[in-house]
Structure formats: structure tokens, C-alpha cells
1. Which far-off residues, 5 or more places away or on another chain, put their amide H under 5 Å from the one on Leu306, with H placed in the peptide plane?
2. Rounded, prolate or oblate: pick one for region 70-124, where a ≥ b ≥ c are the square roots of the eigenvalues of its C-alpha gyration tensor, a/c under 1.5 means rounded, and failing that, prolate if a/b is larger than b/c, else oblate.
3. Applying the Karplus parametrisation 6.51 cos²θ - 1.76 cosθ + 1.60 with θ = phi - 60° to the phi angles of region 92-97, what ³J(HN,Hα) value in whole Hz is obtained for each residue in order, glycine and proline being reported as x?
4. With the Cα gyration tensor of region 262-367 giving a ≥ b ≥ c as the square roots of its eigenvalues, does the rule (a/c under 1.5 for rounded; else a/b larger than b/c for prolate; else oblate) give rounded, prolate or oblate?
5. Among Pro203, Pro348, Pro146, which one shows the highest mean-square fluctuation when the chain is modelled as a Gaussian network with alpha-carbon springs under 10 Å?
6. Can you compute the label reach from Gln361? Point 7 Å from Cα along the Cβ direction, backbone N cut-off under 18 Å, restricted to region 314-335.
7. Name the shape class, rounded, prolate or oblate, that the alpha-carbon gyration tensor gives for region 304-361, where a ≥ b ≥ c are the square roots of its eigenvalues, rounded holds for a/c under 1.5, and otherwise prolate holds if a/b is larger than b/c and oblate otherwise.
8. Just to check I understand the Karplus step: with θ = phi - 60° and J = 6.51 cos²θ - 1.76 cosθ + 1.60, what whole-Hz values come out for region 152-166, glycine and proline as x?
Amino acid sequence: MSLSRVTVTAVRNLHPVTLSPSPRINILSGANGSGKTSLLEAIHLLGLARSFRSARLLPVIQYEQEACTVFGQVELAEGGQSNLGVSRDRQGEFQIRIDGQNARSAAQLAEALPLQLINPDSFRLLEGAPKIRRQFLDWGVFHVEPRFMPAWQRLQKALRQRNSWLRHGTLDAASQAAWDRELCLASDEIDGYRRSYIQALKPVFEEVLRELVELEGLTLSYYRGWDKDRELQAVLSTTLQRDQHLGHTQAGPQRADLRLRLGAHNAAEILSRGQQKLVVCALRIAQGHLVSQARRGQCIYLVDDLPSELDEQHRNALCRLLEDLNCQVFITCVDHELLRGSWRTDTPVAMFHVEHGCITQTHDHRE
Ligand SMILES: Nc1ncnc2c1ncn2[C@@H]1O[C@H](COP(=O)(O)OP(=O)(O)OP(=O)(O)O)[C@@H](O)[C@H]1O
Ligand SMILES: [Mg+2]
């Protein structure tokens, strides 16, 4: 799967533009503030209906413009094309179109255009709150396991019921017991999907990491959100009083986490910035491999400021791994010279120069 055409209107400082990217490697270079990240943001908007830079979409809309719009033509792995469109106006009105139809949710977009983002914020996957790692994990599970989403929705519903009961106590005991059973069933199901996903991810991650950086002894493990030796029902019974006091359920898959350790240490606390970036890249590249195996179509990588924090050797190793994914990759950098020699001669590389919001193609991948 790849984007064969992208049309962007009124996103940040970008002038209206239609690009015909390479199905493989695309490099956008230009000075600070020229609009490189804004193009990645536009593609992100197309795949997820949200930005990775601001929680709200209002700042993404170009000053003095009513709405920002992104269209994309996607070449599907099984042949044929799909057309996606996302538009957001100043009043907050959102429109998502997939092949001429209004889409019901952003999840449909995520399914149609799976994206992986690697940007200077990515170290938060290691350092940040567990929620960020759960989102990473669930992105993968969502794309390889179609039964995950319905189980997740059941869990959310049962959790809402339980938390409301903990706060207000308005449900009779029998009904609450039934909701708890539902909660435990959905939790076990989700835990099962996550566990098998991590089992598959681990060896791929370890192999990718070995090719990228020498970090002997780095381990990835999964915490399911409650004691690994006890049934959730039993844990819920013992924590009931505290749950009632807090007004929410403490144990369960909503508390799951991934743990990265180097020997006895939390990896985030001892790795250098460059090493953190490489570990995050290894996680995301491993995830891309798994998703492409499962769904026959690959995901698209957005790599903002690839060279930052990396020396030449690690930069080249990262480029090689991105190239070996056989996916479409959009890379930004200030100086494209740094990435010039990083690709095999037969890999189609398209180059774009970005200046004051104007994007011009300087090298066509078909040449
Ligand atoms: N809503 C908006 N309307 C118009 N311009 C905007 C808007 N929001 C941000 N900008 C401007 O858009 C420009 C694009 O920034 P962007 O982050 O894409 O640059 P960049 O090329 O990635 O730079 P860097 O190399 O520093 O990362 C900035 O100059 C910013 O001030
Ligand atoms: Mg940038």
C-alpha cells in the first residue's frame, strides 16, 4: 500500500500542492520552518484525522483560511485504488470521506491508511506514561487481530459501568456481578491478543535492534495490568474497597504496559538520546514488519528529521532497515546530502525541496 497522490490545502504554511510520491523512499529537505513537518502532519491527518503536534486541529489550519483539506490516492496491495479525504474547518466541522462515502469514524481511516510516525517526540514511547506504550501496542494488535476492536469496546462499556457503580453505587449486586463477569471476560480476551502480539513482536524487535545498535541485554516485556498469577476477578475482589475510595477500577487491561529494561535498569533512565531514538525506531520497524505480514498491505512510515541525534553509521543502518521494509517512507531532513548515499541504486527515491511553504520535486523516482 502506498500513496500515489497527495493533495494538501491550507495546512500550516503549505501552499496548495499535489505530490506524486515514490512508492518507496521520499525525502523532503529544506530550511527550518519551511514546512517539512507540516507535510508529514498533513499525511498524518489523512490517516488518523488528528495531528501529532497539537491536541487541537485549529492551529493546523492556515491563518486566514476557513478549512484545511488533505486528499490521498492509495494504491492497494491487492490491486486497485482507494481515495481518502479529510477536511476540518474553523467551526470544528470534520469530514472524512473514503471512496466517496462519509466515514463513520477515524478507525476506518486508520484501517485504510496505517501509519507509523517516528519524530523527535518519539522518545516519549520509552519515557512517557504507560498510555503511550499501550497505544503503541494496541495499534499493532488492532491491525493484526480483527477481534481486538469489538473486545476493546466491550471492555470500555463494562469499565464505564463499574466505575460509575463505584462512584454512585446505583446498581443492584446481581447486575453488578454480571457486569464484572463481562469485564473479566473482555479483559482476558484482550490480554490474550496482546500477549500473542508481543510474543510475535519480540523476536522481530530483537533482530531489528541488533542490526541497528549494539545494546546487549535490552529486554522487552509485557505487563498485563494485573497480577500475572491471579484471576482478574480475584484481584478486583481484593481491591474493591480501594477502588470504591478512588472511584475507579485500578487493575485490568486499562493499566497494561510494556517494559523495556537494560539489565536491572529501566532503559529510559540510562539510554542516551540517540540510543533511545534507535530503540523506538526498532520497535516501530518491527511493528511494521508484523502488520505487513498480517494484512498483505504495508504501513506507511513518516520519519521526521531522520538524521537528528544519529551519527553516520546509525543513520545508514536506519535507512537500510527502512528500505528493507519495502514500504513507502516519507523522510524529512534539513540537509539531504546526509542521506544521499544511503539507498541501493535500484530503490526508487523521490526528492522534494521545501521552501517557504512551497514544495517542489527535485528528483523523480521514475527517472
Ligand atoms: N496555522 C498556520 N498557518 C500558517 N503558518 C503556520 C501555521 N502554523 C504554523 N505555521 C508556520 O509554518 C511553518 C512550518 O513549520 P514546519 O514545522 O513544517 O517547518 P519544518 O520545515 O519542519 O522546520 P524544522 O526544520 O525547524 O523542523 C513555520 O514557519 C510556522 O511558523
Ligand atoms: Mg520540522
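1. Placed amide hydrogens put Thr332 under 5 Å from Leu306.
2. On the way: a/c = 2.26, a/b = 1.11, b/c = 2.04.
Oblate, because a/c is 1.5 or more while a/b does not exceed b/c.
3. x, 5, 10, 10, 10, 10
4. On the way: a/c = 2.12, a/b = 1.39, b/c = 1.53.
Oblate, because a/c is 1.5 or more while a/b does not exceed b/c.
5. Residue with maximal mean-square fluctuation among Pro203, Pro348, Pro146: Pro146.
6. Hits in region 314-335 for Gln361 at 18 Å: 328-332.
7. Details: a/c = 1.97, a/b = 1.31, b/c = 1.50.
Oblate, because a/c is 1.5 or more while a/b does not exceed b/c.
8. For region 152-166, the Karplus curve yields 5, 5, 5, 4, 4, 5, 5, 5, 4, 4, 5, 5, 5, 5, 4 Hz.
The values are calculated or read from the model by the stated rules, or taken from the named source; none is laboratory data. What you are looking at is a predicted structure, and each value in this text was computed from that prediction instead of being measured. Note that each Cβ is placed from the backbone with ideal geometry, even for glycine, and that neighbours are counted across all protein chains shown. Surface accessibility is based on the protein's heavy atoms, side chains included, excluding ligands, DNA and RNA. Shrake-Rupley method; radii C 1.70, N 1.55, O 1.52, S 1.80 Å.
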